[in-house]
Structures are given as structure tokens and as C-alpha cells.
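The block underneath contains the structure these notes are about, expressed in C-alpha cells.
The values are calculated or read from the model by the stated rules, or taken from the named source; none is laboratory data. The structure displayed is predicted, hence computed values, not measured ones. Note that we place each Cβ from the backbone using ideal geometry, even for glycine, and neighbour counts take in every protein chain shown. Accessible surface is based on the protein model in full, side chains and every heavy atom, while ligands, DNA and RNA are left aside. Shrake-Rupley method; radii C 1.70, N 1.55, O 1.52, S 1.80 Å.
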Amino acid sequence: MTGNWPRRGLTVLLAAGALVGLVAGPSLAAGPVAGAKSAGDPYFPLQGNGGYDVGHYGLTLDYRPASGALTGVAKIRATATQALSRFDLDLRRNMAVSSVTVDGQPAVFTQPADLRQELVITPAVPLAARAQFTVVVRYSGVPRPVTDPDGSIEGWVTTNDGAFVVNEPQGSPSWYPCNDTPRDKAGFDVTVTVPTGLTAIANGVLVDTATAHGRTTYRWSQPRPMSTYLAFVTTGVFQVSTGTTPAGIPYLNAVDPSQADKSRAQLAKLPAMLDFFQSVYGKYPWNSGGALVDHAPEVGYALETTTRPEFDSAPDELTLAHELAHQWVGDDVTLTRWRDIWVNEGFAEWSSWYWSEHTGNATAQRFFQRLYATSAKDTGFWNPPPGHPGGAENVFAGSIYDRGAMTLQALRGKIHDDPAFLDLLRDWVAAHRYGNATVGDFVAFTEQRFPELGLKHFFDVWLYQPGKPTDW
């Protein structure tokens, strides 16, 4: 993600998911019990659920922009990680559920008034541990944006010609039922119907379209495992173009006509960016690339939605690079808890600096030097430390990005061997492909790779200690 957060403007000026138990619970040999109502993230305690792992989401949506009404059918394939008498999905209560089936049998369900995003499901027959099962949820309503602790909005944000849909960190349940934790990754197929004349863009590749009775249906597929917050379906009037990068990555761009002239020069560099980051981080992890540029001024940020990052307006070059790098660092290798946001944002921000260096503009070291010149008295710049944001309101603080990227550049200098540093990054991504990681995981991975450097103090100073690092 990038956006109008503190300190971020300086950058512009410078030029397979494993099964998850989610929370500790009964052993597989125990009798059926209720799955946990939370995945246990202290920053967002309502997020996610326990007792099962989702393998695939099939979403069939009908959106009517004139009224704002969304009708949906979610078909969710999952595996029980414990014997379950009941389990929860995350879905905001403004989306009213009309029916639920589990393996084709009607299930009892409730949307408790005291739990704003819990859909509690009791199947007709308890689920055995390791059992594969299919849940079908039919629902409808008028989706509303979600306001985060830092005041930003997300979820289903209406625009003058449709909706701009972004979910980080808690917007997904505003428009579809899910196990909304980054740790439960799944493939997605999304089918959405809108008035003819509008286009619906989602993750992955466009499988087909069909028009009848003044409405057009778009079917998208992205089968590789990704986190729920990275799913999207944005609708509106778009100019759509497709191509293939020189290295063979297919891409699709969708641009609001009002942003076409402003984004043309930047999007022309998209193929080269994808190929460059593939050379840095390894094979492109998804079935398509590209970008979506909308006109949604009230949002104020861009988001690294899988395969096709979304921009609320025409992006500058470094923002485009940041979001495309996220396809590896953030979307492929994803944070485990929201306090681990540095493994997403610090890496993507450094990647935009490295793109600048690659193209003969400001080097990553030049970015570092400009930022490091910031006075230690400017505590708002240096805090919170990127390895420990301290609370949900700080997940997207400027220091996570700027000081976070500086940490990697300082590490590059500490290693003092660019091929070795780049091998570290590439191997890190390969070791966690389609998985999740913590800040501590990267620290341990690096210390094991370079034991002779004695990096414990370095990481403590740059990632965990408040204030300006001065001795590393």
C-alpha cells in the first residue's frame, strides 16, 4: 500500500499456503467443538476464525450502482483442521444472509447483533477433522466502507461510475464472506454482473464475458493462494489494454478515462518493471500482471491487490514500482500478523528505490542519505520502529515505509556485497512462496545466512528501538 501517509512524499520528490489452525484449539482426536471466533491478531481481534483452512473462493456477484445494491453467492471450499460442531465466517452485518448450506445440506446460521462481522454457521452434521467441505452463502445488501483506526477508509467505496474496492487490512467482509486473516490463503474465481457499458475488473485473468438484457457478466480467475485482503472487484468505465512483457508475463491495464493522459507515461514502464522485479525476486508468482487506475479521490492511497494493483488516481513512477514489487513482497510472501507489516511495506518501498537506481536515477543509497539527514528530534519521522508498530493505528505509519526501507539499504551496506544481498532477497521469497512470514523470520533467515556479521545488534537498532539509529 502507498498513499497520503506522513513523510511518504519525499520518495516521490527523489525521483502455497500451509494449512492454518489459526489459534490453538482441540487436538484432531477430540470431539467436535465450535471453531474459534478470531485468528488471534491483537491489532484486529475480530479478524479471521479458527478450525478450518479455505482452499478456494468462488464469488458470484451482481452489482447495481444506481441503488448500491450487491447480491452475492459465495461458494467456499475448505478443510477442517479440527472436528467442528460449528464455525464462523467474517461478513459485515449490513450484508444480510438469506441461506447457508454445508455440503449441500441447509445449515443453521446467525449474524449476532453484538458481533459486527461474524456469520455463525452450524452444519446439519458435525465436520470431522481433516474433512473437506463446501459452504454456500447467499447474501445481499448495500456494502459500506470500513473506517480504520488511522482514519482511512477501505472496502467497497462507491465512485461516480461504480465502486473502487480495496480491503487492507479489514475491508473484505464488507462485501464477501471469508476467513479474513492473512494466514489463510486461497485461490479465487470471481464472476460479477454490472450494467452494460461498465467494466468489472478483478484478480487474475479474464476467462470470458457475456451480455444479456442490458447487463454484462465478467468472469475472472486467479487460482494461486493469496490472502483475502488482496482480493478485489472494481467496477466502472475503463479503457482496457493488454500485452505481454519481454520476459513473457501477460498483463492487463484498466484506466478510468479521466486518468488516461496522466498515467500513460508511467504505465508504459510497467512491462519493464515487472521483468526487472522478476530478475530481483524470482519468477513472477501469478497468472497475470497489470494495473487498475480509477478516479476515487476520497480513498487517498494505492493497494497491491494481487496480479493488478489498484490506484485511486494516476500514480507516479515510484508508486507504481512500489505496488508492482508487492506482487512478490507482500502478496506472495505475506505478513503473518499486522504487526509484521514491515515484511510487506519496507521491502516494497526499498524496491521502488532500487528501481530508481536501476533506471539511472537516484540510487537507493541516495534515498537513504536524504532520509537519514532527518533530525533525531523529528520523532514523528523515526517512530514507531518498523519492527514493532505498537498498535493498529500505526500499521501504515510513515516510518514503516521510510525507516523500513532504510533498514534494508543499511543491511545492504552491512553485507557490502550486492550479489550476496540480492541472493538473500531472492532466497527469502523462494523460501516463503505463497506463504506468510514475520519480522523475526527475516531476522533469523539473515542471521543464519551471515553469521560472521553479528547482526543481532543491527536488527535491534533498526527494527525495534525507537528514535534515530546512530550506532549499528
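The table for this structure:
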quantity	calculated
Cβ pairs under 9 Å, 6+ apart, first in the stretch 327-343 and open to solvent by 10 Å² or more (accessible area, probe 1.4 Å), second assigned to a loop (DSSP other than H, G, I, E, B) and of a type in the set (S, T, N, Q)	Thr336/Thr438; Arg337/Thr438; Arg339/Thr438
Strands (runs of 3 or more DSSP E) lying entirely in the stretch 218-311 (those with 3 or more residues that are open to solvent by less than 10 Å² (accessible area, probe 1.4 Å) and either within 24 Å of Asp90 (Cα to Cα) or touching a Leu at 6+ places or on another chain (Cβ under 8 Å) (or both))	233-236, 289-293
Selection within the stretch 86-121 - open to solvent by 50 Å² or more (accessible area, probe 1.4 Å) and closer than 21 Å to Ala39 by Cα	Arg86, Arg93, Phe109, Thr110, Ala113, Asp114, Arg116
Residue in the stretch 169-187 that is touching a strand residue (DSSP E or B) at 6+ places or on another chain (Cβ under 9 Å), farther than 22 Å from Leu89 by Cβ and either modelled with pLDDT of 95 or more or among the charged types (D, E, K, R) (or both) present	no
Residue within the stretch 452-459 that is open to solvent by less than 60 Å² (accessible area, probe 1.4 Å), in contact with a Gly (Cβ under 7 Å, 6 or more places away or on another chain) and more than 23 Å from Ser399 (Cα to Cα) present	no
Selection count, the stretch 56-87, where residues are over 20 Å from Thr217 (Cβ atoms) and acidic (Asp, Glu)	0
Members of the stretch 360-383 that are of a type in the set (Val, Ile, Thr), open to solvent by 50 Å² or more (accessible area, probe 1.4 Å) and closer than 30 Å to Met273 by Cβ	Thr363
Subset of the stretch 192-210 [open to solvent by less than 30 Å² (accessible area, probe 1.4 Å) and among the polar types (S, T, N, Q)]	Thr193, Thr199, Asn203
Conditions (1) touching a Gly at 6+ places or on another chain (Cβ under 6 Å); (2) part of a loop (DSSP other than H, G, I, E, B): number failed by Asn344	(2)
Those residues of the stretch 142-191 which are surrounded by fewer than 21 Cβ atoms within 10 Å (Cβ to Cβ), over 17 Å from the mean Cα position of the chain (by Cα) and either on the phi > 0 side of the Ramachandran plot or among the aliphatic types (A, V, I, L, M) (or both), in sequence order	Val142, Gly151
Hey, Tyr434 among the aromatic types (Phe, Trp, Tyr), at negative phi and out of contact with any helix residue (DSSP H, G or I) (no Cβ under 7 Å at 6 or more places or on another chain) or not	no
Residue that is nearest to the chain's Cα centre (by Cα) [pool: residues in the stretch 84-141 that are acidic (Asp, Glu) and over 23 Å from Tyr229 (Cβ atoms)]	Asp114
Tyr434 closer than 18 Å to Asp340 by Cα, of a type in the set (Ser, Thr, Tyr) and open to solvent by 20 Å² or more (accessible area, probe 1.4 Å)	yes
Flag for Val443 being hydrophobic (A, V, I, L, M, F, W, C), under 30 Å from Val54 (Cβ atoms) and touching a strand residue (DSSP E or B) at 6+ places or on another chain (Cβ under 6 Å)	no
Verdict on Ala321 being open to solvent by less than 10 Å² (accessible area, probe 1.4 Å), under 25 Å from Val146 (Cα atoms) and touching a Phe, Trp or Tyr at 6+ places or on another chain (Cβ under 8 Å)	no
Set Tyr57, Tyr63: member being at pLDDT 65 or above and under 21 Å from the mean Cα position of the chain (by Cα)	Tyr57
Number of the exception - Asp41 against (1) open to solvent by 30 Å² or more (accessible area, probe 1.4 Å); (2) at pLDDT 95 or above; (3) closer than 30 Å to Ser352 by Cβ	(1)
